[in-house]
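One structure below.
The values are calculated or read from the model by the stated rules, or taken from the named source; none is laboratory data. Keep in mind the model is a prediction, meaning the values are calculated, not measured. Note that we place each Cβ from the backbone using ideal geometry, even for glycine, and neighbour counts take in every protein chain shown.
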Amino acid sequence: MTNAELLTRADALRHGRTPFVLATVVHVERPTSARPGDSALVLPDGTVEGFVGGSCAETTVQLQGLRVLRTGESVLLRITPGADTGAEGSPEPGEGLVTVANPCLSGGTLDIFLEANLPPALAYVYGHAPIARALLDVGRVLGLDARPASPAGPLPPDLDVVVIATHGRDEETVLIDAVRAGVPYIGLVASPKRGAAVLTALDLTEEQRARVHTPAGLDIGARTPAEIALSVYAQIVALRPQAARSAPSAAESTAPRTLTEDVDPVCGMTVAITPDTLSLDRAGTLVYFCGPGCRHAFADDPSRYAHD
């Protein structure tokens, strides 16, 4: 895969709201098979597309890339053949640098930038009046993926925000669907009296009704459509930590729920366990490896790598 093809693939992933990590080799100390500018994508299922070095380097990039997907924080990964790094893959304070000792390398060192590419928060705005249009405009300025929505349309699993500004049209169905789908923020633009009446009529439990914010937005004395939109997004920002605890983010909805790791008994490398990770069945227990060399060595003499 050429770099041009890789960038095209990255654009397609962004368009499809699929999180990924772009790994780019920025510095090498030979001997290495990778060169500065080589790059690869790490996908949520552990797939690595592209080239950033041999199988051992790729295994390290895969593991650290999956960790980056979990945290959303980009890092500079240094893979070196024998440095004393302490806890493997531990970040160095304040530097955004992760150093990993990889005994499988042929002697060189690789510095690879792992850039987290997570989709922006997805917001559905219902309505066509000035307030709805302002909600779309302000949301996009804030970096959200703010989209006009139809009451008849399905709700995607990574939806973060629903704001209803239809002024009494098609509110109940959307509210019920959003609450039952577990959307982190649900707001109804309405007066206090009308909002309370709408909530009372919903076929929801009291706990579920409490998840709907109406009147939507913080009380900042907003009057114009733009000011109302500002108040709504101010409330969303204020509630963001709470929402993050109660619902999965866009990245988590696509990434593995649990990143499972194991240690290669031959070289001591930590590897991510994915459907494609090399393994052998040893007395009913799967043993995982960073690459074919370690698997062959283990298969030839398992007792050599047994640990009490």
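Among the residues in segment 165-181, are any without any contact (Cβ under 8 Å) to a residue 40 or more places away in the chain and under 30 Å from L63 (Cα atoms)? Among the residues of segment 165-181, not one is without any contact (Cβ under 8 Å) to a residue 40 or more places away in the chain and under 30 Å from L63 (Cα atoms), which makes the answer no.
Comparison of R67, R9, R17 shows that the only residue that is in a helix (DSSP H, G or I) and under 13 Å from the mean Cα position of the chain (by Cα) is R67.
Filtering segment 47-57 to residues that are surrounded by fewer than 21 Cβ atoms within 10 Å (Cβ to Cβ) and of a type outside the set (A, V, I, L, M, F, W, C) leaves T47, E49, G54, S55. In the set T8, T60, only one residue is farther than 18 Å from A272 by Cβ and either modelled with pLDDT under 85 or not assigned by TED's automatic domain parsing to the domain that holds D276 (or both); that residue is T8. Applying the condition of being aliphatic (A, V, I, L, M) and in a helix (DSSP H, G or I) to segment 211-235 and asking which residue is surrounded by the fewest Cβ atoms within 10 Å (Cβ to Cβ) yields A234.
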